[in-house]
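What follows is one structure encoded as structure tokens, with my remarks underneath.
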Amino acid sequence: MTRIFHARIGAVTTAFFLTAVTLPAVSQAALELVIGARQVVKNEPVSTCNTKARTALNSVFLNAGEVGSGDTGEWKAFGAVDSEGHSFSAGAIHCYPLDDSYLVTFTCAAQSPPSPDTATALCTKLEAAFNGGKAEAGTMKRESP
Amino acid sequence: MITATRIRRTVFAGSVVVTLLLCTRSFAPAAVELSTGIRHVSDTGGLDDCSAKAKAALDAYLTNATESSSGEWLATAQNPQAQTVTAAATVRCYALPKGYVVTFTCAVQIPENPYGADALCLNIAHKFYGGALSSLAAMPTPTPVPTGCSPANLVGTWVSDDKPGLTLTADLNGGFTDNDGVSGNWGLRGMTVTLTYYGEHTLTLSADGKHMRGGGYNFTRKC
């Protein structure tokens, strides 16, 4: 029994070293930055955009915060951090007031791997979260892309 | 009741888990840095004006600025040593009844990128609408691929002396690929070569770096 046990440990150790030595350089993690949607939302104040931006960012990322001081309308948040405090994804929402409406844009970044989501997928989630789970709300005009 | 067999199985399972965890160590411990918050409103000019400036500002620091949709620009930069994109920026223009509004967002992968996202965005923005420019650290130059038959590495193409058709093409990073596309790894300590290729083989490199023999293999390097 002891010999079998030692054989198993030896097999695992050997497997580890072979894997460690032969693993190709799969750490070619690439940075991806995507231009998400741009929308003009009619008949809503920019304060609504700010509220939705914070909520949407917090639903996809963590600790959404408004950049700068005062009402800048520029929001960003980062993805979950690893044990060393590194984050591998981030998103930004810009709100800008227009006459009777506001302009909102979505931008996302990801390093995949290790981020499980691509930047494109994150921005799709972010846009859906901003629109209350729908890709497009009734009053919204999705301009691009 | 805890039996010896159960303990052994637990230890075995634990070993497998640890092994798998260790195997994932090759994911780079890098981080994404995002810079946003620079917005510029111009009372004059239109979308075309904004787009022209956006492209020029992006091209000043990054490469291949492209318009993904009307007035929305994206560019990236690659770290030649990491062989991957490590910096990117967007400049998004939106036409107003009078003039336009433009936002700047940048992302970099740290530590592979030699400068931060804030510095990149500030320079792009200042290039766009004027302002002090700072110098960004240059991307590292790619490591030159050694040529010839250096005894300090195995880089190059090796032809088997006794196995017809077998060739190994070794790269600078300790990897190689054979003529069938099967990959392996090489190591060199002194004149002792370790090839991980259908098992591990120990060979000896000749003083002129042109031959390696042992472990059932005989290769001659093309140089």
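The values are calculated or read from the model by the stated rules, or taken from the named source; none is laboratory data. Here the structure is a predicted model, which means the values were calculated and not measured. Heads up, the Cβs are rebuilt from the backbone with ideal geometry, glycines too, and the neighbour counts pull from every protein chain shown.
Consider A:Ser47 carefully, then state whether it is farther than 30 Å from B:Asn173 by Cα and in a loop (DSSP other than H, G, I, E, B). No, not satisfied. Selection of segment B:70-98 for residues being hydroxyl-bearing (Ser, Thr, Tyr), in contact with an Asp or Glu (Cβ under 8 Å, 6 or more places away or on another chain) and surrounded by fewer than 24 Cβ atoms within 10 Å (Cβ to Cβ) yields only B:Thr84.
Looking for something outside any loop (DSSP other than H, G, I, E, B) and more than 14 Å from chain A (Cβ to nearest Cβ) - is there at least one such residue anywhere in segment B:92-104? Within segment B:92-104 (the criterion being outside any loop (DSSP other than H, G, I, E, B) and more than 14 Å from chain A (Cβ to nearest Cβ)), the answer is no, since none of the residues qualifies. For segment B:69-91, does any single residue satisfy the condition of being more than 18 Å from the chain's Cα centre (by Cα), facing chain A (nearest Cβ under 8 Å) and assigned to a loop (DSSP other than H, G, I, E, B)? Yes, the conditions are met somewhere in segment B:69-91.
Scanning segment B:105-138 for residues that are over 23 Å from B:Ala52 (Cα atoms), away from every other protein chain (no Cβ under 11 Å) and either touching a Leu at 6+ places or on another chain (Cβ under 6 Å) or assigned to a helix (DSSP H, G or I) (or both) turns up just one, B:Tyr115.
Only a single item in (1) within 14 Å of another protein chain (Cβ to nearest Cβ); (2) of a type outside the set (A, V, I, L, M, F, W, C); (3) assigned to a loop (DSSP other than H, G, I, E, B) is not met by B:Pro146, and it is number (1). Checked against (1) within 12 Å of chain A (Cβ to nearest Cβ); (2) farther than 17 Å from B:Pro146 by Cα; (3) out of contact with any helix residue (DSSP H, G or I) (no Cβ under 8 Å at 6 or more places or on another chain), B:Pro164 passes all but a single condition, namely (1).
B:Thr157 fulfils the conditions (1) part of a loop (DSSP other than H, G, I, E, B); (2) over 30 Å from B:Trp73 (Cβ atoms); (3) modelled with pLDDT of 90 or more except for a single criterion, (1). I'd like to check something: does segment B:178-201 contain any residue that is in a loop (DSSP other than H, G, I, E, B), away from chain A (no Cβ under 14 Å) and in contact (Cβ under 8 Å) with a residue 60 or more places away in the chain? No.
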